[in-house]
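Q: Would you mind keeping the following structure in view while I ask a few things?
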Amino acid sequence: MALVDLKSKLNQFRGGNSSVNPYEKGRSVETKLESNTDINTNPERKNLSDTVDGEGRQILGQSISTGASTFLKGLKAFGVDIPIENNYENSIKRNVFIDDNFGQIGQGLRNTANKFETARSAVSNFSNDPLGSINSLANIDQEAKLVEYRSKAYGKFRNYGSQASRVIRTDRDVAKSFEGPIKGGVKSSNVNKTNIIKYGTNENAFKDSEGLIPFRFKDVLNDKFIVFDAILSGITDTITPEYSSERYIGRPESVYVYQGVQRAVSFTFDVYPMTRQEMPVIWEKLNYLVGLCYPNWVDSPYAGNQPEDISPITMVSPICELTIGDMYNNTPGYLSGVTMTVQDGTTWEFEENMKLPHYVQVAVEFVYIGKYLPNAKGKHFELSWIDDGNDPTGILAKKEAERKEEEKRKAEAKKRWDLDAKKNLKPYTRDVRNIQNKETDLANYKISIGQDVLSDATG
């Protein structure tokens, strides 16, 4: 009995008890779903590809054939990226293209076009989403900033390279230096632009090749930069104040006297090449990074008279500057320790004269010297909105003193003008022999009584 009921329910679900059963063999049923429409019976559709709408099928808002889309994807695989397909990523690429090739004029035209499109979209969608339209119009300037911000980020992101892309041409001059084959050269799209920055490259030359976060060391004495990709971990900034304790006779507690402070920054970063041509450059930079733990040798200026065959030399400490984003920007100090660890499981290059591991982790201990006066109210990170004049009284104390001095000067000016008013003298005609600066006193007086100096001066 249960089996009969189950079969009856199944037929009811399938529509077997109704006059039209779409599941019945040999029966067809009409539907309004466009995806079920036969392209052979639809006069507006010529090809199977005409039923597909997706990424790669739109160029600037117009549908294209599958062949054109395949051709564009093929060019992209060879490193030739033409961002005309209408999607989110390509919109950013087009903005970068405009910034790189047309400068301020192109940016102005682009921003104007984007603002116009935002306003048009907000007005057209006002009936459906009034709050969203109002928000879009109110923040139209922020939309322009977002476009520039995304373009900047994508421009930096390109420096990491696209290792999966095919490269059409190989730089033969670079290839001569390698026993094995290479793909591309030092400027091809598959190369990590930060890894390929050579030791000692001028700062202006590598600014545009750094990643999202700048990370580099500078050998101060030799004026050489060592630039790495910012694959950082475990950044630790340790500040250790030092106190001495004194215990006076008859007192059980100690008195603590401040002596000084020590500061050290430790971090770990990973180094590995994306292409073979990056290997010698990376290991050369690692070599000179280790060199920052050893002294520089220069001619001794205090050697006195020496035999002709002897050239006295002396050591000079390897002071360096560290840059990690805007936490530390050309911050002076020295390396108290560098630990290089070849990672387990890493592959090695077996080319002649370059039998080196691909993946190395470097741990650095950096003793902070700093370029500002150590001060409780001073500047301890490279924060652009904090000023530091190396004033022993501190930033806040200095600004507070300047504010009080300004208020005192305004009060004295107002007092003099009030005194003249009591004597029934006009401020503009009174005797000014006892006032050092008539114009300053006049301005301060007007400010003190709430009068707008600019509006008064302009009529």
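The values are calculated or read from the model by the stated rules, or taken from the named source; none is laboratory data. Predicted model, so just to flag it, every value in this text is computed and none were measured. Backbone-built Cβ (ideal geometry, glycine too); neighbour counts: all protein chains shown.
Q: Pairs, please: C-beta under 7 Å, at least 6 apart or cross-chain, first residue of a type in the set (Ser, Thr, Tyr) and in the range 361-387, second at pLDDT below 90?
A: What qualifies is Tyr372/Gly378; Tyr372/Lys379; Tyr372/Asp388; Tyr372/Asn390.
Q: Only one of Asn90, Asn95, Asn159 is crowded, with 17+ Cβ neighbours inside 10 Å, under 27 Å from Ile213 (Cα atoms) and at pLDDT 75 or above; which?
A: Asn159
Q: Out of the strands (runs of 3 or more DSSP E) lying entirely within the range 146-246, which hold 1 or more residues that are in contact with a Phe, Trp or Tyr (Cβ under 8 Å, 6 or more places away or on another chain) and among the hydroxyl-bearing types (Ser, Thr, Tyr)?
A: Once the strands (runs of 3 or more DSSP E) in the range 146-246 are filtered for at least 1 residues that are in contact with a Phe, Trp or Tyr (Cβ under 8 Å, 6 or more places away or on another chain) and among the hydroxyl-bearing types (Ser, Thr, Tyr), what remains is 232-246.
Q: Could you grab me the full set of residues in the range 190-233 that are aromatic (Phe, Trp, Tyr) and touching a Cys at 6+ places or on another chain (Cβ under 8 Å)?
A: Phe217
Q: Residue check: is Pro332 part of a loop (DSSP other than H, G, I, E, B), touching a residue at least 60 places away in the same chain (Cβ under 8 Å) and under 27 Å from Gly234 (Cα atoms)?
A: Taking the combined requirement at face value, the residue does not satisfy it.
Q: Among the residues of the range 262-312 satisfying the criterion of being surrounded by fewer than 12 Cβ atoms within 10 Å (Cβ to Cβ) and not in a loop (DSSP other than H, G, I, E, B), which is modelled with the lowest pLDDT?
A: Of everything passing the filter in the range 262-312, Asp299 is modelled with the lowest pLDDT.
Q: Identify all residues within the range 346-378 that are closer than 19 Å to Lys285 by Cα, of a type in the set (S, T, N, Q) and part of a loop (DSSP other than H, G, I, E, B); write none if there are none.
A: Hit for the range 346-378 is Asn353, nothing else.
Q: Look at Ser121 and say whether it is surrounded by 12 or more Cβ atoms within 10 Å (Cβ to Cβ), over 30 Å from Gln277 (Cβ atoms), among the polar types (S, T, N, Q) and at pLDDT 75 or above.
A: Answer is yes for this residue.
Q: Would you call Asp237 touching a residue at least 12 places away in the same chain (Cβ under 8 Å), among the charged types (D, E, K, R) and touching a Leu at 6+ places or on another chain (Cβ under 7 Å)?
A: It is false that Asp237 is touching a residue at least 12 places away in the same chain (Cβ under 8 Å), among the charged types (D, E, K, R) and touching a Leu at 6+ places or on another chain (Cβ under 7 Å).
Q: For the range 209-228, which positions are touching a residue at least 60 places away in the same chain (Cβ under 8 Å) and within 14 Å of the chain's Cα centre (by Cα)?
A: Ile213, Pro214, Phe215, listed by residue number.
Q: Mind counting the residues in the range 313-329 that are crowded, with 17+ Cβ neighbours inside 10 Å and in a strand (DSSP E or B)?
A: Number of matching residues: 6.
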